[in-house]
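The values are calculated or read from the model by the stated rules, or taken from the named source; none is laboratory data. All values derive from a computational prediction rather than experimental measurement. Please note: Cβ atoms are built from the backbone with ideal geometry, for glycine as well, and neighbour counts cover all protein chains shown. The area values use the complete protein model at the heavy-atom level, side chains included, leaving out ligands, DNA and RNA. Shrake-Rupley method; radii C 1.70, N 1.55, O 1.52, S 1.80 Å.
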Amino acid sequence: MLNSKRLVLAHFWLAFVVFGLALLLGEWQMFVRSPLNPWIPNSELYYRSVTAHGSAMGYVFPTLIAMGFGYAITEFALKKPLIGRRWAWTGLALVAVGAVTAMIPVSLGLASILYTFYPPMIGNPFYYIGVVLVVVGSWIWVVLMSINMAAWKRDNPGKPVPLAMFANVAGALLWGWTAVGAAIEVLFLILPVALGLKTTIDAGLSRVLFSWTLHAIVYFWLMPTYIAYYTIFPRAIGGRLYSDAMARIAFILFVVAAMPIGVHHLFADPQVGAGFKFIQSAFTALVALPTLVTIFTICASAELAGRLRGGKGPFGWVAALPWDNPMMLAVTFSFVMLGFGGAGGLINMSYQLDASIHNTQWITGHFHLIFAGAIVIMYFGIAYDLWPHLTGRTLNSVRLMKAQLWLWFVGMIVTTFPWHYVGILGMPRRMASYDYANPAIAPEALSVSISVFGGLLLVISAGLFFTVLFRGHRASQMDPGEYRFSVAVHEPVRVPVALNGFALWLTLMVALTVVNYGYPIAQLLALKGNAVPAVFVGVAR
């Protein structure tokens with residue numbers, strides 16, 4: 001029984017509204033910078049849109065999904081009402097108010113600085129204040145998840161924390177520490193300048209602090225997706241989870257290894273030494289381990305389901321899987337896009353190979369294939385799975401769901417593959433317009449036009465997604481019964497202390513952060529004369 005249905009629905013609906021608006025902005029950006037459209041007369045409009053799109057998709061949309069899904073997991077997995085429901089509503093309000101506060105100056109052209117801030121560019125202070133409010137609202141969720149798990153463990157001494165809740169808290173704790181870097185940057189370096197208290201800023205130190213957040217935030221986005229892989233997918237296709245222990249290890253690896261690797265985004269920056277760049281490149285390779293563990297475990301779980309459905313022989317189980325099941329499609333498409341996106345990430349993490357694609361459209365293709373592809377398609381799957389339990393109504397538009405997932409998958413491939421290709425050709429990202437009459441750029445025109453068509457498919461897919469949800473609210477009432485998570489082949493009666501809590505792993509996470517970031521940050525703080533004049537965006541100075 002879910003006592004916080006309105007709370008979860010409010011998070012999901014606000015998340016998906018933000019997603020829909022940001023998606024339209026993204027398609028507009030793709031169109032105006034393509035050969036299908038004349039040069040945009042005011043390029044600042046493009047950067048205004050990119051800032052709004054990135055801020056909404058990067059900070060607001062996945063945060064709301066993680067929060068709403070987390071509250072649902074807490075009640076479904078622990079089988080008790082959420083502790084701190086009023087605080088949860090407060091967190092949601094802060095995220096909503098923060099999003100509006102940030103978007104107003106962006107829409108007025110006063111903060112066209114992109115979601116990565118890019119000091120020494122400085123925007124209107126209300127943009128940064130809005131982002132801070134979003135983060136503070138999410139930190140309320142982090143605290144509530146920790147409190148609810150601790151309360152359950154106190155009431156159930158010695159019992160394994162349900163896997164879904166264990167993974168949920170892992171994501172919350174990862175985000176709590178991940179956001180610290182950007183929070184320090186905004187509060188102590190950027191806001192004093194934006195408020196007029198200073199006129200210079202240490203751009204190098206700012207970028208190092210933001211890198212603390214920049215890559216680990218991707219794994220925060222991934223957490224709901226991985227939770228669905230382990231705790232929803234095996235049940236949805238009629239099977240069992242291959243291993244509860246391997247699932248816990250995968251989430252622990254994310255907590256430990258996902259955090260201290262952001263400097264690989266700064267390979268072209270001079271303020272961090274080559275030694276620390278190499279160290280973080282090596283640590284970036286380690287974060288592939290939880291994904292490899294996940295691929296093995298989920299594929300093994302799928303094989304179990306296929307054989308339970310009568311699959312014979314080495315590969316007969318594949319044909320026996322329920323391919324008409326939306327969750328089956330969502331996970332399959334997610335794995336394919338995760339594979340391609342992860343392969344591209346191997347280039348980005350290489351100290352040498354990154355130089356050939358740094359700041360090109362390759363980067364745009366990579367992170368859209370991971371986030372908008374592998375991650376977001378699972379957000380759709382999560383919504384489809386939860387909706388009957390949130391609304392008490394049937395969600396029977398199965399054919400429409402499958403069409404929507406296919407369109408999103410095809411649209412994302414058609415959008416991002418050309419971006420990878422033109423990136424190899426050297427096309428820079430974040431440019432408002434290109435002269436496709438130039439012989440050096442002309443070969444890229446067709447690929448860019450194809451990506452615009454892919455974006456149109458994504459918009460159509462999103463329209464189908466909203467249609468499914470709206471139909472779900474108007475469908476006939478039903479009793480969905482008790483919500484069930486996947487059950488492991490060997491259900492754990494007891495688990496080692498290290499796999500039932502986070503004290504050890506949080507210590508390692510903080511220690512690795514200090515090792516990988518302590519010296520570069522201390523060195524930049526000690527150096528004098530690094531500050532440069534701020535460049536104020538959207539105002540005359």
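Dipole of the chain (Lys/Arg Cβ +1, Asp/Glu Cβ -1, origin at the Cα centre): which of Ala216, Tyr115, Phe16 lies farthest to the positive side?
Going by the charge dipole, the pick is Phe16.
Could the peptides 304-314, 88-98 be put in order, highest first, of the mean number of other beta-carbon atoms found within 10 Å of their residues?
Values: 304-314: 14.7, 88-98: 19.9.
Descending packing order for the listed peptides: 88-98, 304-314.
Given the alpha-carbon gyration tensor of the chain, what are the semi-axes of its equivalent ellipsoid in whole angstrom, ordered largest first, with each equal to the square root of 5 times an eigenvalue? Walk me through the intermediate numbers first.
On the way: eigenvalues 259, 155, 112 Å².
Listed largest to smallest, the semi-axes of the chain are 36, 28, 24 Å.
I need the shape label for the stretch 422-508. Rule: rounded when a/c is under 1.5, else prolate if a/b > b/c, else oblate, with a, b, c from the alpha carbon gyration tensor. Present the calculation step by step, with values, prior to reporting the outcome.
Details: a/c = 4.23, a/b = 1.61, b/c = 2.63.
Judged from the Cα gyration tensor, the stretch 422-508 comes out oblate (a/c at least 1.5, b/c at or above a/b).
Between Arg471 and Val318, what length in nm is gained on full extension when 0.36 nm per residue of separation is reduced by their alpha carbon distance?
51.9 nm
How tilted is helix 61-78 with respect to the longest principal axis of the chain? Cα atoms for both, answer in degrees (0 to 90, nearest 10).
So the inclination is approximately 20 degrees.
If R0 is 51 Å, what FRET efficiency do you get for Thr507 and Phe417 from their C-beta distance, rounded to 0.05? Walk me through the intermediate numbers first.
Values: r = 42 Å, r/R0 = 0.82.
Efficiency computed from Cβ-Cβ geometry: 0.75.
Please determine, in degrees from 0 to 90 and to the nearest 10, the orientation of helix 43-55 with respect to the longest principal axis defined by the Cα atoms of the chain, where the helix direction is its Cα long axis.
Compared with the principal axis, the helix lies near 30 degrees.
Give the calculated FRET efficiency between Arg85 and Asn438 to the nearest 0.05, with a Förster radius of 41 Å applied to their Cβ-Cβ distance. Present the calculation step by step, with values, prior to reporting the outcome.
Values: r = 59 Å, r/R0 = 1.43.
FRET efficiency, Arg85 to Asn438: 0.10.
Could you work out how far the C-alpha centroid of the stretch 453-468 sits from that of the stretch 47-111, in angstrom?
22 Å
How large is the dipole of the stretch 5-536 about the Cα centre if only Lys and Arg carry +1 and Asp and Glu carry -1, each at its Cβ, rounded to the nearest 20 debye?
Numbers: 30 positive and 17 negative charges, 254 e Å.
Computed charge dipole of the stretch 5-536: roughly 1220 debye.
With the cut-off at 26 Å, report for the stretch 308-441 the share of all Cα pairs above it, as a whole percent. Each step should come with its number before you reach the end.
Numbers: 3695 of 8911 pairs.
Result for the distance tail: 41 percent.
What does the C-alpha gyration tensor say about the overall shape of the stretch 382-541? Classify as rounded when a/c is under 1.5, otherwise prolate if a/b is larger than b/c, or oblate. Mind dumping the intermediate values first?
On the way: a/c = 2.31, a/b = 1.16, b/c = 2.00.
Oblate.
Out of the stretch 1-105, which trypsin sites (Lys or Arg not before Pro) are coil in DSSP terms and have no more than 12 other C-beta atoms within 10 Å? Don't skip to the answer; put the middle values down first.
Numbers: sites: Lys5, Arg6, Arg33, Arg48, Lys79, Arg85, Arg86; in loops: Arg33, Lys79.
When the trypsin sites (Lys or Arg not before Pro) of the stretch 1-105 are filtered for loop state and at most 12 Cβ neighbours within 10 Å, Lys79 remain.
At most 16 other Cβ atoms within 10 Å and a DSSP loop assignment: could you name the trypsin sites (Lys or Arg not before Pro) in the stretch 110-198 that fit? Before the final figure, lay out the partial values.
Values: sites: Lys153, Arg154, Lys198; in loops: Lys198.
Passing sites in the stretch 110-198 are Lys198.
Along the positive direction of the dipole of the stretch 5-536 (beta-carbon charges: Lys, Arg +1; Asp, Glu -1; about the Cα centre), which of Val318, Val497, Met509 reaches farthest?
Val497
Does the stretch 291-347 come out rounded, prolate or oblate, given a ≥ b ≥ c as the square roots of the eigenvalues of its C-alpha gyration tensor, rounded meaning a/c under 1.5 and, failing that, prolate meaning a/b above b/c?
prolate
Keeping all protein chains in position, work out how much accessible area Met478 exposes to a 1.4 Å probe, and write it in Å² to the nearest 10.
Roughly 70 Å² of Met478 is accessible to a 1.4 Å probe.
With the full set of protein chains in place, find how many percent of the accessible area of the chain is carbon and sulfur; take the probe as 1.4 Å. Write out the running numbers ahead of the final one.
On the way: 14900 of 21220 Å².
Whole-percent figure for carbon plus sulfur exposure: 70.
Quick one: angle between helix 85-107 and the longest Cα principal axis of the chain, in degrees between 0 and 90, rounded to 10, please.
So the helix axis and the longest Cα principal axis differ by about 30 degrees.
Would you mind pulling out the separation of the Cα centroids of the stretch 271-309 and the stretch 312-386, in Å?
So the separation of the two Cα centres works out to 13 Å.
Which residues does the label zone of Arg154 cover in the stretch 131-148, counting backbone N under 17 Å from a point 7 Å along Cα→Cβ?
From the stretch 131-148, the list is 143-148.
Given R₀ = 56 Å, FRET efficiency for Arg6-Leu527 by Cβ-Cβ distance, to 0.05? Numbers along the way, then the final one.
On the way: r = 52 Å, r/R0 = 0.93.
Efficiency computed from Cβ-Cβ geometry: 0.60.
Excluding residues on the same chain fewer than 8 positions from Lys198, give the lysines whose Cα lies under 26 Å from its Cα.
Correct list for Lys198: Lys528.
Find which of Phe188, Val132, Gly423 sits farthest along the positive direction of the dipole of the stretch 5-536, computed with +1 on the beta-carbon of Lys and Arg, -1 on that of Asp and Glu, about the Cα centre.
Towards the positive end, the residue furthest out is Val132.
Expected output is a single nm value to one decimal: the length gained when fully extending between His358 and Phe188, i.e. 0.36 nm times separation in residues minus the C-alpha distance. What is it?
Details: separation 170, 0.36 × 170 = 61.20 nm, distance 2.86 nm.
Here the segment from His358 to Phe188 would lengthen by 58.3 nm.
Can you work out the accessible area per residue across the chain, with the rest of the protein chains kept in place, probe 1.4 Å, in square angstrom? Write down the numbers at each step before the final one.
Numbers: 21220 Å² over 541 residues.
In whole numbers, the chain has 39 Å² accessible per residue.
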